[in-house]
Amino acid sequence: MEQRFPWPVPDSRMRITVGGINEDGSVRMIEYSDMHRIVEGMDVPPGAPEAAASVLTTARELMRMSFYRWEFMVVSVCWSLFAVETALRERLSAPKKTFDQLIKLAVDQGVLSANMGDRLHAGRTIRNQVAHGESAHSAYTLGMAIPMLQASFDVIGLLYPFGSDNSTSQQSSGDIRANDQ
């Protein structure tokens, strides 16, 4: 017998999340349409390598889908860090280096500032804890997850500020933001 899953319903924790203020000054609870606004402006840099662009797009979409499953916020942040690692690996032409080594190399070469390197090391630590089951049960709030996700977009934007030979269009990298508004 085929198992049928119900249509997605908002995660119960979203029911206590403020989405805005109504014209009369009353609090409005978050709606799925607010998730589009939350990730607005998180566009994949046009010069990003295709693999990193695809993973980063997935991270952004997971954030939107966290309306239906709260834990997707953690997955989104981790996925965005995979995108940063992929982008660093290509930018530094260092296919065999670990994320830790890539961050150190990027700072040493002046590709990233020491401050950004410190921030990435913090993100790497969080990602590793989740990936190795030490904190896979974690749940972030939007206020925690959104800045972390945005930081990954920012880092990849720093690594690939302009179009390059390995760039792809956003549509070909799976970026559908323009189509779902």
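Brief remarks follow.
- Here the sum of -39500 (n - 2.57) over DSSP H runs of 4 or more residues, divided by the residues of the chain, equals -16000 deg cm²/dmol at 222 nm, to the nearest 500.
- Modelled this way, with points 7 Å down the Cα-to-C-beta line, the labels at His36 and Glu71 are 2.9 nm from one another.
- Stretched out straight at 0.36 nm per residue, the stretch from Ser26 to Ser113 would grow longer than its current Cα-Cα span by 27.0 nm.
- Overall form of the range 1-47 per C-alpha gyration tensor (a/c, 1.5; a/b vs b/c): oblate
- For the range 81-131, the set of trypsin sites (Lys or Arg not before Pro) satisfying both a DSSP loop assignment and a count of at most 15 other C-beta atoms within 10 Å is given as Lys96.
- List Arg4, Arg13, ordered by accessible area with a 1.4 Å probe, largest first: Arg4, Arg13
- For Ala139 and Lys97, a Förster radius of 45 Å and the Cβ-Cβ distance give a FRET efficiency of 0.90, rounded to the nearest 0.05.
- Accessible area per residue for the range 15-70 is 49 Å², calculated with a 1.4 Å probe on protein heavy atoms, without ligands, DNA or RNA.
- Most mobile listed residue (Leu105, Leu62, Leu120) in the chain, GNM with C-alpha springs under 10 Å: Leu105
- Measuring with a 1.4 angstrom probe and ignoring ligands and nucleic acids, Val130 comes out at about 30 Å² accessible.
- When the residues Tyr140, Tyr68 are ordered by accessible surface, computed with a 1.4 Å probe over the protein chains alone, the sequence from largest down reads Tyr68, Tyr140.
- Spin-label pair Phe5-Gln150: with each label point 7 Å from Cα along the Cα-Cβ axis, the two points sit 3.0 nm from one another.
- In this structure the amide hydrogen of Gly19, modeled in the peptide plane, comes within under 5 Å of the amide hydrogens of Arg28, Met29, Ile30, none closer than 5 places in sequence on its chain.
- Once volume of the Cα convex hull per residue in Å³ is calculated for the structure shown, the corresponding label among (1) 166; (2) 321; (3) 122 turns out to be (1).
- With all protein chains in place and a 1.4 Å probe, the accessible surface of the chain carries 56 percent carbon and sulfur.
The values are calculated or read from the model by the stated rules, or taken from the named source; none is laboratory data. From a predicted model like this one, the values you see are computed outputs, not experimental measurements. For neighbour counting, all protein chains shown are included, and Cβ atoms are generated from backbone atoms with ideal geometry for every residue, glycine included. Side chains are part of the model used for accessible areas, which takes the heavy atoms of the whole protein and leaves out ligands, DNA and RNA. Shrake-Rupley method; radii C 1.70, N 1.55, O 1.52, S 1.80 Å.
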